[in-house]
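Student: I have a structure here, written as structure tokens, and I will follow up with some questions on it.
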Amino acid sequence: MPAEITLGSPLIRLDHIDSTNAYAMSIIKKREAGEGTVILADFQTGGRGQKGNVWESQKGMNLTFSVILFPEFLEAGKQFYLLMSTSLGMIDLLKQAGIKAMIKWPNDICVSGKKISGILIENSLKGAYISSSIVGIGLNVNQTHYVTPGIMPTSVKLETGREMNCDILFSETLRHLTIWIRKLYRNEWPAIREKYLQHLWQYHKWSDYADSTGSFRGRITDILEGGELVIEKQNGIYEKYLFKEIEYGS
Ligand code: BTN
């Protein structure tokens with residue numbers, strides 16, 4: 001049986017960099033990256049978030065890192081499973097820290113509606129399969145003031161009232177992520193999907209949403225294989241949405 005993947009071996013620690021995801025891409029292109037390589041930076045000068053946003057993180061206060069994977073067995077149509085597995089690693093890590101977090105579809109990790117961790121996955125494809133993945137993760141740890149408008153952030157310290165040792169938290173994060181990425185590599189699809197749905201914020205709850213037709217009440221009923229969100233509207237019609245096609249109401 002082949003050895004199972006372990007994240008963080010090797011570990012590249014950087015004092016500062018523009019973006020750990022960009023650094024990961026550069027070493028993949030130079031063929032200098034092995035599977036499981038992790039790049040951890042104390043500070044990012046151009047940390048990237050979803051939808052072209054910046055990722056705010058004060059120097060040395062939080063975890064900002066990227067994991068390099070080569071999941072060549074993973075069909076492009078199943079890439080959402082990598083996102084689910086990563087989210088679940090972060091959920092388990094936060095649970096261990098005494099924080100009950102939920103996943104706001106597709107992959108915001110939130111506590112009572114406030115974002116504590118963000119995930120930015122950049123996949124390269126070869127035909128119908130993934131050739132490489134960069135899993136970029138930001139976890140707010142000891143930062144307590146944020147300036148970026150438009151997001152409601154929180155951090156481990158804000159939730160627990162305790163300052164955390166970032167090095168210890170980081171090795172625990174890699175441990176939890178390794179557990180879930182191994183499940184992905186073992187093709188444990190139902191286990192991943194079920195746990196994701198158990199931690200999906202607003203699952204089956206009537207709530208406010210907005211799509212291109214305007215605001216409406218609805219409830220999440222399912223997630224499709226490709227990651228699309230299925231919502232039942234109050235008029236009984238089921239709609240499916242891709243990322244960016246729907247917004248959550250307040
Ligand atoms: C989001 O907007 O929710 C995704 C945020 C992802 C931030 C992390 S920090 C480490 C890695 N490097 C980046 O430039 N972005 C990701």
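The values are calculated or read from the model by the stated rules, or taken from the named source; none is laboratory data. None of the values given here were measured: they were computed from a predicted structure. Every residue, glycine as well, gets a Cβ built from its backbone with ideal geometry; the counts of neighbours run over all protein chains shown. Surface accessibility is based on the protein's heavy atoms, side chains included, excluding ligands, DNA and RNA. Shrake-Rupley method; radii C 1.70, N 1.55, O 1.52, S 1.80 Å.
Student: Name the chymotrypsin sites (Phe, Trp or Tyr not before Pro) in the stretch 38-72 that are in a loop by DSSP and that have at most 16 other C-beta atoms within 10 Å, would you?
Tutor: Values: sites: PHE43, TRP55, PHE65; in loops: TRP55.
Taking the stretch 38-72 and a limit of 16 other Cβ atoms within 10 Å, no loop chymotrypsin sites (Phe, Trp or Tyr not before Pro) are found.
Student: With only alpha-carbon pairs counted, each pair once and no self-pairs, how large is the Kirkwood hydrodynamic radius of the chain in angstroms? It would help to have the intermediate numbers written out before the result.
Tutor: Working: mean 1/r = 0.0536 Å⁻¹.
About 18.6 Å, per the Kirkwood formula over Cα pairs.
Student: For the stretch 183-216, which trypsin sites (Lys or Arg not before Pro) are both in a DSSP coil and crowded by at most 14 other Cβ atoms within 10 Å? Don't skip to the end; give the middle numbers.
Tutor: Numbers: sites: LYS183, ARG186, ARG193, LYS195, LYS205; in loops: ARG186, LYS205.
Answer in residue order: ARG186, LYS205.
Student: Test of the criteria: in the stretch 134-173, which GluC sites (Glu not before Pro) are in a DSSP loop and have at most 16 other Cβ atoms within 10 angstrom of their Cβ? Walk me through the intermediate numbers first.
Tutor: Details: sites: GLU159, GLU163, GLU172; in loops: GLU163.
Listed in order of number, the matching sites are GLU163.
Student: Right, next: Whole Å is fine, so just give me how far the alpha carbon centre of the stretch 99-128 lies from that of the stretch 1-28.
Tutor: Going from one Cα centre to the other spans 19 Å.
Student: Looking at the chain as a GNM with Cα springs under 10 Å, which of ILE91, ILE237, ILE192 has the largest mean-square fluctuation?
Tutor: Among ILE91, ILE237, ILE192, the largest mean-square fluctuation in the Gaussian network model of the chain belongs to ILE237.
Student: Turning to a different aspect of this structure: If amide H atoms are built 1.01 Å from N in the plane of the peptide, which residues on other chains or at least 5 residues away come under 5 Å of the amide H of TYR129?
Tutor: The answer is ALA76.
Student: Tell me, what HN-Hα J-couplings in whole Hz come from the Karplus equation 6.51 cos²θ - 1.76 cosθ + 1.60 at θ = phi - 60° for each residue of the stretch 192-208, using x for Gly and Pro?
Tutor: 5, 5, 5, 5, 4, 5, 4, 10, 7, 5, 6, 4, 6, 9, 5, 8, 8
Student: In whole Hz and in residue order, list the ³J(HN,Hα) couplings for the stretch 111-117 that follow from phi through the Karplus curve 6.51 cos²θ - 1.76 cosθ + 1.60, θ = phi - 60°; x for Gly and Pro.
Tutor: Running phi through 6.51 cos²θ - 1.76 cosθ + 1.60 with θ = phi - 60° gives 10, 6, x, 9, 7, 10, 8 Hz.
Student: What part of the accessible area of the chain, given as a whole %, is carbon or sulfur when the probe is 1.4 angstrom? Don't skip to the answer; put the middle values down first.
Tutor: Numbers: 6220 of 12140 Å².
Summing carbon and sulfur atoms, their accessible area is 51 percent of the total for the chain.
Student: Expressed as a rounded percentage, what relative contact order does the stretch 1-122 have, with Cα pairs under 8 Å and six or more residues apart? Could the numbers behind the result be given before it?
Tutor: Working: 174 pairs, mean separation 24.1, N = 122.
It comes to 20 percent, rounded to a whole number.
Student: Between the stretch 133-194 and the stretch 31-47, how far is it from one alpha carbon centroid to the other, in angstrom?
Tutor: Comparing the Cα centres of the stretch 133-194 and the stretch 31-47, I get a distance of 16 Å.
Student: Moving on to the next point. What aspartates and glutamates could a cross-link reach from LYS183, if we take a straight Cα to Cα line under 18 Å and drop same-chain neighbours fewer than 8 places away?
Tutor: Counting by Cα, and skipping residues close in sequence, LYS183 has these aspartates and glutamates nearby: GLU4, GLU35, GLU72, GLU75, ASP92, GLU172, GLU194, GLU225.
Student: Also, I was wondering about something else. For the stretch 11-198, what is the accessible area per residue in Å² when the probe is 1.4 Å?
Tutor: So the stretch 11-198 comes to 44 Å² accessible per residue, rounded to a whole number.
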